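Only the coordinates and a few stated rules stand behind these numbers; no lab work does. Since the model is a prediction, treat every value here as computed from it, not as a measurement. No Cβ is skipped: glycine too gets one built from the backbone with ideal geometry, and neighbour counts run over all protein chains shown.
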Amino acid sequence: MRIESFLQQSPAFQASRIARRMETSLNTLLKREGLTFAESLTLAAIFLEKKRVSPSELARTFETTRGNVSHVISSLEAKRLVRRRINGEDARGFLLELEPAGRRRAARVAAILDRIQALMEEEMGSSGLESMLRQMTELEQLCSRLTEGGEQTSR
């Protein structure tokens, strides 16, 4: 197609493509645990906190919608890994806690995510990863400025 050369040179398209492929690969890897990447991150987040967390806190932390988090939590509840408890301080909200099976699975998933990170650091080097993440953040900020009208798109 004619657009292919543009897509090959487009940082926005390439970043999106890479993100989709990485998530697909991570989903395949985590399938052995019966989880998706989003479910794994959610379990790990709940596991690593000293206090119970709310779905809203997860949405803020993961920079996604509460609806997306709710969908993941419902899936984890169906797998009997997580349960929602009414927030004692605010009955309008929920706090999340791991079921015993969820605690065991979360520990395994946290170890898998840690190994993935270590492999990336080994392959690319810590400074290489930091540099890549800085550049990705700069690209994200540029895209944000475009949506805020900070840059002209019709030059």
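What the table shows:
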read-out	value
Members of segment 35-88 that are in a helix (DSSP H, G or I), within 21 Å of Leu113 (Cβ to Cβ) and of a type in the set (Ser, Thr, Tyr)	Ser40, Thr42, Thr61, Ser75
Flag if Arg20 is under 22 Å from Leu139 (Cβ atoms), assigned to a helix (DSSP H, G or I) and not polar (S, T, N, Q)	yes
Qualifying position, being touching a residue at least 24 places away in the same chain (Cβ under 8 Å) and basic (Lys, Arg), among Arg104, Arg80, Arg92, Arg52	Arg52
When residues of segment 1-17 are limited to those that are exposed (fewer than 13 other Cβ atoms within 10 Å of the Cβ) and of a type in the set (S, T, N, Q), the one nearest to Thr137 (Cα to Cα)	Ser16
Residue within segment 127-145 that is in a helix (DSSP H, G or I), in contact with a Lys or Arg (Cβ under 9 Å, 6 or more places away or on another chain) and surrounded by 14 or more Cβ atoms within 10 Å (Cβ to Cβ) present	no
Filtered residues of segment 74-116 (kept if touching a Ser or Thr at 6+ places or on another chain (Cβ under 7 Å) and within 26 Å of Ser25 (Cα to Cα))	Leu76, Val109, Leu113
Top-ranked residue of segment 56-82 - restricted to ones that are within 22 Å of Pro100 (Cα to Cα) and small (Gly, Ala, Ser), ranked as farthest from the chain's Cα centre (by Cα)	Ala78
Hits in segment 117-126 (condition: exposed (fewer than 14 other Cβ atoms within 10 Å of the Cβ) and on the phi < 0 side of the Ramachandran plot)	Gln117, Ala118, Leu119, Glu122, Glu123, Met124, Ser126
